[in-house]
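The values are calculated or read from the model by the stated rules, or taken from the named source; none is laboratory data. Remember, it's a predicted structure, so these values are computed and weren't measured experimentally. All Cβ positions, even for glycine, are placed from backbone atoms using ideal geometry, and neighbour counts span all protein chains on display. Note: areas computed on protein heavy atoms with side chains; ligands, DNA, RNA excluded. Shrake-Rupley method; radii C 1.70, N 1.55, O 1.52, S 1.80 Å.
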Amino acid sequence: VLQNDSVVAGGGAIEMELSKYLRDYSRTIPGKQQLLIGAYAKALEIIPRQLCDNAGFDATNILNKLRAKHAQVRLGAAL
């Protein structure tokens, strides 16, 4: 069992970054394409959510922390 949940190799970081990028991109597109890209971005977040659930963590709390970290860090920078 992990005693420190602040650093997990992998841990859905790629999926969260892709989700963030797609959500931001979807806001620049009009019409139904915006909804499609937004839904795909949301679907990518299922992977880190499932990882949290499998590890016994509160998925909502962890995903909110991940979103906040990804909002702070510019693309390509290490978390």
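General remarks:
- Positions within region 1-38 being open to solvent by 100 Å² or more (accessible area, probe 1.4 Å) and either at pLDDT below 70 or not in a loop (DSSP other than H, G, I, E, B) (or both), in sequence order: V1, Q3, V7, A9, I14, Y21, Y25, K32, Q33, L35, L36
- Scanning region 12-38 for residues that are within 22 Å of C52 (Cα to Cα) and free of Cβ contacts under 8 Å to residues at least 12 places away in the same chain turns up just one, I14.
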